[in-house]
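Data first, discussion second: the structure below is written as structure tokens.
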Amino acid sequence: MTILVTGATGNIGRRLVDHLLRAGATEVRALTNNPVKAALPPEVEVVEGYLGRVETLPAALAGVDRMYLAPLDATVREVVSLAAEAGVSRIVDLAGGKATWWASIEVAVEESGVAWTHLEPGEFMDNYLMWAEQIRTTGTVRDGYPDAAVAPIDLDDIAAVAATVLLEEGHAGKAYELTGPESISRAEMVAQIGQALGREIPYVELPHEEAVAQLTPAMGEFARWYVDGVAELARHPQPAVPTFTQLTGLPGTTFAQWAAANVGAFR
Ligand SMILES: NC(=O)c1ccc[n+]([C@@H]2O[C@H](COP(=O)([O-])OP(=O)(O)OC[C@H]3O[C@@H](n4cnc5c(N)ncnc54)[C@H](OP(=O)(O)O)[C@@H]3O)[C@@H](O)[C@H]2O)c1
């Protein structure tokens, strides 16, 4: 059974390749723009291409049974139609649910006629690397809404689920909401990063408009949307869901474990 991993050097795709190999998959094909630079494991069949360059896909899709679809809205309709033509029997996509930015990906996949499984992760733990620079340079976090709580997930846990549902039967037609194992406030996250560093990191609460202004250089018009969402999470914390453990039988990575593993970024 040939499994195509698109975005195979990306945050999720690269980890997925490793999970598939560790689970014993022997026919893993990886799609990358630059096979030499990608330095993928030697067991993997590396194919040159990118979801955004659809002309590269017929060759990559030939003989593929199942595929992991990295999120690229711009070309998704052509991509899934090429997958259907190539006889792909299941698409596992990284999206985010019908009420999110990624809805168009799920709709296109569903309309392709290929059996599908949607992965719907919430916020990624890696998003909190956004505090790394201020922690490194000022030793504090200045941001809004310390009580806002989310259940962020580790990238490797998303990849582990993707490998599980690609390799197992019984996941067609399912949409899996994915979170980390705990709902945790921003203040607790900063405290846990401090524990990993071995020092206390004060959380200096910014008013809404200052939080928007601070993010605008990096996020542009999305800064206000993001901070509005954080304010909402202060009123309605995001609960954790047990899907990761139900699917993999493993405990999800906690934020404290993530902080310890990524402590170098904050030091
Ligand atoms: N709930 C959520 O928060 C959520 C849900 C779904 C998706 N997402 C988003 O999904 C993304 C997943 O990231 P990912 O790193 O796993 O995969 P990705 O951004 O799709 O990138 C995968 C690979 O595609 C190639 N690539 C990306 N952009 C390119 C471009 N403009 N031109 C040419 N090649 C390009 C690169 O491969 P090469 O090395 O081969 O060049 C890259 O490593 C994140 O940006 C995340 O924010 C978030």
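The values are calculated or read from the model by the stated rules, or taken from the named source; none is laboratory data. Nothing here was measured: the structure is a model prediction, and the numbers come from that model. With ideal geometry, Cβ positions are generated from the backbone for all residues, glycine too; neighbour counts draw on all protein chains shown. Remember, those area values only see protein heavy atoms, side chains included, never the ligands or the DNA or RNA. Shrake-Rupley method; radii C 1.70, N 1.55, O 1.52, S 1.80 Å.
Most fluctuating residue of LEU215, LEU119, LEU16 in a GNM of the chain with Cα springs under 10 Å: which is it?
Among LEU215, LEU119, LEU16, the largest mean-square fluctuation in the Gaussian network model of the chain belongs to LEU215.
Assuming 0.36 nm per residue, please report the length gained on full extension of the stretch GLU111 to ASN34 beyond their Cα-Cα distance.
24.6 nm
Viscosity 1.002 mPa s, temperature 20 °C: give me the Stokes-Einstein translational D for the chain in µm²/s, with Rh taken as the Kirkwood radius over C-alpha pairs. Working shown, then result.
Details: Rh = 19.6 Å.
The calculation lands on 109 µm²/s.
Helix-only estimate, please: 222 nm mean residue ellipticity of the chain, summing -39500 (n - 2.57) across DSSP H runs of length 4 or more and dividing by its residues, to the nearest 500.
-12000 deg cm²/dmol
If we count every other residue with Cβ under 12 angstrom of THR6's Cβ, Lys/Arg +1 and Asp/Glu -1, where does the sum land?
+3
Can you give me the solvent accessible area of SER112 with a 1.4 Å probe, rounded to the nearest 10 Å²?
30
Quick one: longest stretch of the chain between exposed loop GluC sites (Glu not before Pro), exposed meaning at most 13 other C-beta atoms within 10 Å and loop per DSSP? Before the final figure, lay out the partial values.
On the way: sites that count: GLU43, GLU168, GLU169, GLU200, GLU221.
That would be 44-167.
What does the net charge come to around ALA163 if you take all other residues with beta carbon closer than 13 Å to its beta carbon, with K and R at +1 and D and E at -1?
So the environment of ALA163 carries a net charge of 0.
Averaged per residue, what accessible area in Å² does the chain show with a 1.4 Å probe, protein chains only?
I get 45 Å² per residue for the chain.
Please report how far the C-alpha centroid of the stretch 239-267 lies from that of the stretch 148-163, rounded to the nearest whole angstrom.
Their Cα centres are 7 Å away from one another.
Under the definition of Cα pairs under 8 Å and six or more residues apart, what whole-number percent is the relative contact order of the stretch 102-208?
Averaging sequence separation for qualifying contacts and normalising by length gives 38 percent for the stretch 102-208.
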